[in-house]
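Scroll down for the structure; my scribbles are underneath it.
The values are calculated or read from the model by the stated rules, or taken from the named source; none is laboratory data. All figures in this text were calculated on a predicted structure; none of them were measured in a lab. Cβ coordinates were reconstructed from backbone atoms using ideal geometry, including for glycine residues, and neighbour counts include every protein chain displayed. Note: areas computed on protein heavy atoms with side chains; ligands, DNA, RNA excluded. Shrake-Rupley method; radii C 1.70, N 1.55, O 1.52, S 1.80 Å.
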Amino acid sequence: LSTQSAYLWEALERGYRTLRFDRACGHDDVFAALVLARLIEPTSKADTIRVLDEVGRPAPALRTIWRRLPVYAKPEWRASLSGACAAHVGLGPATVLLYDVTTLYFETHEGDGFREPGFSKERRLEPQITVGLLTDARGFPLQVGAFEGNKAETKTILPVITAFREAHGLPDVTVVADAGMLSEQNLKELEDAGLHFIVGARIPEVPYSVKEWQRQNPGEALPDKHIFTQPLIMGTKADLRRRTVFYQYSQDRGRRTLKGIDTQIAKAEKAVAGQAEVKRNRFIQLTGATKSVNRDLEAKARALAGLKGYVANIEGATSAFVMGAYHQLWQVEKSFRMSKTDLRARPIFHHQRESIDAHLTIVFAALAVARWLEATTSWSTKKLVKTLRRYHTVQIKAGEQIITAADPLPDDVRVTLEKIRAASTH
């Protein structure tokens with residue numbers, strides 16, 4: 001009578017319900033179908049019907065899907081999902097949030113005010129949009145925001161953070177972001193909004209604390225993993241800002257950096273000698289038609305090799321806390337990779353802002369379910385879906401009886417399903 005990938009659907013649906021997305025979305029079956037189908041096989045909204053049919057689930061009509069998309073694009077819908085995610089992670093009075101951005105391009109040549117050419121993470125020239133993702137310290141998605149493709153990354157962080165903070169009444173928030181994300185003006189705006197921050201510090205020259213150590217220890221190499229703490233007072237006399245910068249030296253990082261410098265210098269020398277084509281190389285100095293190797297820049301780069309900086313405005317924060325929080329940024333990067341690859345976040349089939357926003361809302365919900373499943377099972381979403389999709393339940397009519405038969409499950413699959421059942425709420 002019917003065949004279903006019942007084990008797969010059960011696993012996905014348990015994740016969806018554990019996050020309380022069913023309640024947050026008013027038990028909207030169409031939205032749930034679109035989110036879970038995207039985890040199985042990310043494809044167009046029209047092709048989602050085929051995906052649902054293949055796993056034996058009732059599929060909404062295409063006209064119904066198109067009719068519901070404007071609802072999913074509304075800020076209130078996304079805010080409800082964000083609230084469910086925040087409730088799931090259990091945000092406390094002192095909260096650490098990770099933030100990063102990516103870009104999604106469109107195969108078109110004309111901008112429309114939203115899809116606009118800008119600084120592309122993928123080095124594309126086509127119009128794009130900028131997407132900001134806010135997560136907790138473990139990389140679990142909390143809020144997503146879409147901005148114009150030509151909007152500077154540094155201008156996206158404050159609207160997302162302040163909106164999330166106000167929505168959830170968070171008194172003490174620490175924002176962790178990459179060095180390229182925050183300008184000095186951004187840092188001031190974050191402080192003025194009552195926020196703490198931890199960001200990567202740009203190191204234009206050898207820091208004073210490092211120079212002082214070298215002066216006191218002439219001829220000695222910097223100790224591996226040594227941390228230099230340097231309080232700073234920044235800003236104008238009328239607007240002084242107290243911050244702390246932590247610099248860590250790593251021998252392994254230094255070796256990798258020096259190896260890269262050696263490679264670039266060798267290429268620069270060949271280009272200057274006319275033995276190779278002049279390509280993009282920061283060590284090649286052009287003075288009119290004369291090419292030379294910039295030895296001052298080389299010496300400066302070698303002096304900085306192995307140093308990594310972290311700046312924070314948190315009074316009394318330890319280097320372990322600051323560096324530990326910053327190193328968690330790989331979690332939000334992982335969420336972006338999952339969105340772009342496993343869930344194919346790029347809105348290939350959408351052109352209007354309303355449908356693009358709806359698409360990103362579906363991807364955001366799917367990402368949250370995927371992160372929950374991975375944390376629960378230690379399996380990647382791809383492995384979970386590929387494995388569970390093989391095992392079916394079949395309804396057979398024998399005479400007047402209807403019998404349900406099921407494929408036998410291997411031990412590892414059965415254990416994984418038990419983990420999901422044990423971790424899920426009903």
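Points worth noting:
- Region 349-426, accessible surface, carbon-and-sulfur percent (1.4 angstrom probe): 53 percent
- Net charge of the neighbourhood of THR135, taken over other residues with C-beta under 9 Å away and scored Lys/Arg +1, Asp/Glu -1, is 0.
- Crossing angle, helix 62-72 versus the chain [Cα axis fit, 0-90 degrees, rounded to tens]: 50 degrees
- Between region 346-416 and region 1-65, the Cα center-to-center distance that results, in Å: 8 Å
- Gain on full stretching of the segment that runs from GLU41 to SER209 - 0.36 nm per residue minus C-alpha separation: 55.2 nm
- Surface composition of region 254-304: carbon plus sulfur atoms contribute 50% of the solvent-accessible area (1.4 Å probe, protein chains only, all chains present).
- Residues with amide H under 5 Å from that of THR95, placed H, sequence gap 5 or more: ASP172, VAL173, THR174
- Considering helices alone, the calculated mean residue ellipticity of the chain at 222 nm is -14000 deg cm²/dmol, with DSSP H runs of length four and up weighted by -39500 (n - 2.57) and normalised per residue.
- Cα-based shape type of region 1-130, given that a ≥ b ≥ c are square roots of the gyration tensor eigenvalues and the cut on a/c is 1.5: oblate
- For the chain, the longest site-free run once chymotrypsin sites (Phe, Trp or Tyr not before Pro) in DSSP loop states with at most 15 other Cβ atoms within 10 Å are removed: 120-348
- Legend: calculated FRET efficiency, HIS226 to ASP411, from the Cβ-Cβ distance at R0 = 45 Å, rounded to 0.05, equals 0.40.
- Helix 411-423 and the longest principal axis of the Cα set of the chain meet at an angle near 80°.
- Charges were assigned to the Cβ only: +1 to each Lys and Arg, -1 to each Asp and Glu. The resulting dipole of region 254-304 about its Cα centre is roughly 240 debye.
- Three-way shape label, region 254-304, alpha-carbon gyration tensor, a/c 1.5: oblate
- Average accessible surface for region 62-181: 44 Å² per residue, computed with a 1.4 Å probe over protein heavy atoms with every protein chain in place.
- Euclidean distance of C-alpha centroids, region 175-211 and region 78-129, integer Å: 21 Å
- DSSP beta bridges in the chain [antiparallel fraction, %, rounded to 5]: 85 percent
- Taking the longest Cα principal axis of the chain as reference, the axis of helix 29-40 is set at about 60 degrees.
- By the Stokes-Einstein formula, at 1.002 mPa s and 20 °C, the chain with its Kirkwood radius over alpha-carbon pairs has D equal to 87 µm²/s.
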